[in-house]
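To start, the structure itself, in structure tokens.
The values are calculated or read from the model by the stated rules, or taken from the named source; none is laboratory data. A quick note: this is a predicted structure, and the numbers were derived from the prediction, not measured. Quick reminder, even Gly has a Cβ in these numbers, built from the backbone with ideal geometry, and neighbours come from all protein chains shown.
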């Protein structure tokens with residue numbers, strides 16, 4: 001049985017002090033689970049402080065992005081080596097907001113995935129279609145292209161997590177029905193089976209997009225949904241801990 005993951009993406013929210021307070025509340029509310037893992041991704045400025053606050057807990061630290069080089073003249077960028085030094089175990093890569101607002105491409109996502117794995121970070125790779133693409137009926141084509149692009153040249157999936165986030169459901173209050181989400185998750189797992197064989201059965205695929213404590217149980221009950229990448233609901237302890245409490 002695959003272990004679930006609940007990951008909180010704090011996006012561009014919270015000062016260092018606010019991030020520490022939130023991390024401490026989550027740490028106090030989650031003592032660990034044999035069935036799953038909890039991850040939080042604060043902004044870069046708070047990574048080290050949140051990492052310190054989480055020490056000795058069952059909650060792991062993630063970053064929201066990284067660059068595909070270890071060091072160099074790349075003003076404003078953060079390397080995987082720096083993330084490891086700050087205490088990160090995971091990194092979110094290819095989030096739709098990065099693709100939309102910062103013009104990230106499938107090739108760029110792929111370079112980051114391979115560099116994260118080489119550095120010992122677990123990439124949480126985001127894929128998903130826009131509302132227009134869903135209406136056009138090209139969801140599988142878009143998501144398939146993103147998955148193939150992200151994993152090109154990757155040899156082992158042991159440390160890879162995929163997050164399916166329909167762009168039309170992120171921060172909109174719209175949520176894919178459990179059946180809609182499961183359909184895409186099953187498609188992704190089938191594609192991974194074609195590309196990597198039996199490793200597909202162990203790969204965790206998360207759902208993201210307006211996940212709350214009120215809808216997560218139904219989503220998590222689906223065969224191919226292995227947890228959630230949570231945005232807004234991860235910014236308050238009761239909302240995030242409420243989601244974790246509903247996991248199987």
> Restricting to region 24-40, what's the tally of residues that are under 20 Å from the mean Cα position of the chain (by Cα) and assigned to a helix (DSSP H, G or I)?
Replying inline: 2
> Only one of 62, 21, 73, 17 is outside any helix (DSSP H, G or I) and free of Cβ contacts under 8 Å to residues at least 24 places away in the same chain; which?
Replying inline: 73
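Condition check ((1) in a loop (DSSP other than H, G, I, E, B); (2) touching a residue at least 24 places away in the same chain (Cβ under 8 Å); (3) crowded, with 19+ Cβ neighbours inside 10 Å; (4) out of contact with any helix residue (DSSP H, G or I) (no Cβ under 8 Å at 6 or more places or on another chain)) across all residues:
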{"position": "84", "(1), (2), (3), (4)": "no, yes, no, no"}
{"position": "92", "(1), (2), (3), (4)": "no, yes, yes, yes"}
{"position": "98", "(1), (2), (3), (4)": "no, yes, no, yes"}
{"position": "101", "(1), (2), (3), (4)": "no, no, no, yes"}
{"position": "110", "(1), (2), (3), (4)": "no, yes, yes, no"}
{"position": "114", "(1), (2), (3), (4)": "no, yes, no, yes"}
{"position": "124", "(1), (2), (3), (4)": "no, yes, yes, yes"}
{"position": "129", "(1), (2), (3), (4)": "yes, yes, yes, no"}
{"position": "132", "(1), (2), (3), (4)": "no, no, no, yes"}
> Take the residues of region 231-246 that are out of contact with any helix residue (DSSP H, G or I) (no Cβ under 6 Å at 6 or more places or on another chain) and more than 16 Å from residue 24 (Cα to Cα): which is surrounded by the fewest Cβ atoms within 10 Å (Cβ to Cβ)?
Replying inline: 245
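Collect the residues in region 61-77 that are buried (at least 17 other Cβ atoms within 10 Å of the Cβ) and farther than 13 Å from residue 119 by Cα, keeping them in residue-number order.
If the condition is that a residue be buried (at least 17 other Cβ atoms within 10 Å of the Cβ) and farther than 13 Å from residue 119 by Cα, then 61, 62, 63, 64, 65 are the ones that fit.
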>> Regarding region 189-196, can at least one residue be identified that is surrounded by fewer than 20 Cβ atoms within 10 Å (Cβ to Cβ), more than 20 Å from residue 125 (Cα to Cα) and modelled with pLDDT of 95 or more?
In response: no
